[in-house]
Amino acid sequence: MPISQMGLNKITDTADTICAISTAPGTGGIAVIRISGSQAIQCANRIWKGKQLEKANSHTAHLGYIINPETTEPIDQCVATVFHAPGTFTGEDIVELSVHGSQWIQQEIIRQLINGKQCRLAEPGEFTRRAFANGKIDLSQAEAVADVIASTTQASHRLAMSQMRGEYSNQIESLRNSLLELASLLELELDFSEEDVEFASREKLKQIANKTQQTIQQMTDTFTVGKAIKEGIPVAIIGEPNTGKSTLLNNIVGDNRAIVSDIPGTTRDTIEDTTIIHGIQYRFIDTAGLRNTSDVVESLGIERSINTLKKATVAIWLITAQTTQTQANQMAQIIEQNIHPDTKLIICINKTDINKTQTPPALNINKQYTTLPISALTGQGIDRLKSKLHELTINNNLPQPHMIVTNARHYEALCNANESIKNVLQGLEATLSGDFIAQDVRQTIHHLGEITGTITTPDILATIFSRFCIGK
């Protein structure tokens, strides 16, 4: 059932005025202290010397001083920006104090605000939580706020911004509207079942349900790429010892991240680093060389290498001119036994600066793969490798941002909605009574409502917003 206002108040006491430092911890040129609530302006005015903030127009900035109200001693010169409800982020009165970045100044101002008994320190994510509680944003937009803050690449930022602007929410709302139309037609069918009146044929109902199901399916299918864009696409670098895996990692990320040695078995654990390729973050994992060994520690590293291979989106298998047919087939067997069916495989013939052979030995492997000659040491072929990675994983064929799912909670809700709408289609095909079909339609609407927060619980909300930082 929809969350009640009482439920919201359990997680957000909107009667309180709250304050917090909204900029990142540490010392900088400027820090921003945010105050939100019915007493926000009065609270700020108590420690303010300058134009009376209570008389200030909304969305105006004013230069003045923050003072200790008991001693009138100035604490800092700052700019106070005033925002009047309801046209604010939280839907409440807000004052933002832009002060100098001294940590002492920041903490002293917070102390003075709290000492006035008019406000308290905000909880993690409470400003965004109030924006949701006051209807300024829905739940998926609230989650996107955290994603915008955490975005590290152009692609992840673009997705998060699209969701924060409500484009993703609009897509979900469009699906819900289609289902509401379907539900209303089914109810009309039930109301006039004994009369010779037809509001919509079963074929029309099937068309609506089919279109909705296809859109939901398209969105669930994007989760793998959406999650990869958000968190980084995992790429496993595998091969026998001394094939140049660590050198390749260092070359791609532009740093001596892994130890390079001629001694076989140097890498005993997985070593990971990231780099940006065409605006997408890739997580490269250098793994221990795969071979038979009696060394206990190296064996543990090899076990981790296999686990990395199982989870990778792309596997780069390094071989050299010295790789024998037997070694290649042994590696091919390990790969086929452990690689995920959807994982892309690139076979790189390394050390072409020393060995001019650019053709791998005949490989007894059923997995489809791409072959590229490279030199991890000199960088020859690395640009081609990066382009191939992008081609195999993204290739600029992304769906529109409002269709891409990046959140595991949303993915689960969409999967549940997909199952429910499939039940609707099966019911229509089997010419079941409209009341049975309507139950599945309502269930689909329910699952979509979980994404935007139309349907939720205080526990879910508390869990989501607890992951936010204080001040956001």
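The values are calculated or read from the model by the stated rules, or taken from the named source; none is laboratory data. These numbers come from a predicted model, not from an experiment. Neighbour counts are summed over all protein chains in view; Cβ atoms, including those assigned to glycine, are modelled from backbone coordinates with ideal geometry. Only protein heavy atoms, including side chains, enter the accessible area calculation; ligands, DNA and RNA are left aside. Shrake-Rupley method; radii C 1.70, N 1.55, O 1.52, S 1.80 Å.
For region 49-112 versus region 313-343, the spacing of their alpha-carbon centroids is 62 Å. A convex hull fitted to the Cα coordinates of region 324-384 yields 93 cubic angstrom per residue. Full extension of the chain between L432 and T72 gives 121.9 nm of extra length, using 0.36 nm per residue less the Cα-Cα distance.
Here the chain carries DSSP beta bridges of which approximately 60% are antiparallel, counting only pairs with both residues inside.
For region 104-176, the solvent-accessible area of protein heavy atoms averages 41 Å² per residue (probe radius 1.4 Å; ligands and nucleic acids excluded).
With loop membership from DSSP and a limit of 14 other Cβ atoms within 10 Å, the longest segment of the chain without chymotrypsin sites (Phe, Trp or Tyr not before Pro) is 200-472. When the alpha carbon coordinates of the chain are projected onto the principal axes, the ranges are 82, 82, 37 Å, largest first.
Here each label is just a point 7 Å from Cα along the line to Cβ, and for K117 and K55 those points are 2.8 nm apart. Site-free segments of the chain were taken between GluC sites (Glu not before Pro) in DSSP loops having at most 12 other Cβ atoms within 10 Å, sites themselves excluded; the longest one is 199-472.
Check R283: other-chain or 5+ apart residues with amide H under 5 Å from its amide H, H built from backbone geometry? When sequence neighbours closer than 5 places are left aside, the close amide H contacts are I233, V235. As a calculated quantity, the FRET efficiency between S174 and S466 at R0 = 30 Å, using C-beta atoms, amounts to about 0.50. Counting only protein heavy atoms and using a 1.4 Å probe, the accessible area of T463 comes to about 70 Å².
The mean sequence distance of close C-alpha pairs (under 8 Å, at least 6 residues apart), as a share of the length of region 37-178, puts its relative contact order at 17 percent. Axis of helix 434-452 versus longest Cα principal axis of the chain: the two differ by about 90°, to the nearest ten degrees. Using a 1.4 Å probe on the protein chains only, how many percent of the accessible area of the chain belongs to carbon and sulfur? Result for the chain: 48 percent of the exposed heavy-atom area is carbon or sulfur. 3J(HN,Hα) couplings calculated from phi for region 405-420 with the Karplus curve 6.51 cos²θ - 1.76 cosθ + 1.60 (θ = phi - 60°) are, in sequence order, 9, 10, 10, 5, 5, 5, 4, 4, 5, 5, 4, 5, 5, 5, 5, 5 Hz; Gly and Pro show x. Dipole magnitude for the chain: computed about the Cα centre from +1 point charges on Lys and Arg Cβ and -1 point charges on Asp and Glu Cβ, it is near 1520 debye.
For D76, the residues whose amide H sits under 5 Å from its own are I66, ignoring neighbours fewer than 5 places away on the same chain, with H placed 1.01 Å from N.
Taking amide H as placed 1.01 Å from N in the peptide plane, W317 has its amide H under 5 Å from the amide H of I238, I346, I347, C348, each at least 5 places away in sequence or on another chain. Its Kirkwood hydrodynamic radius, worked out from the mean inverse distance over all distinct Cα pairs, puts region 83-199 at 18.3 Å. Remark: relative contact order (the chain) = 18 percent; criterion is Cα-Cα distance under 8 angstrom and separation of 6 or more residues.
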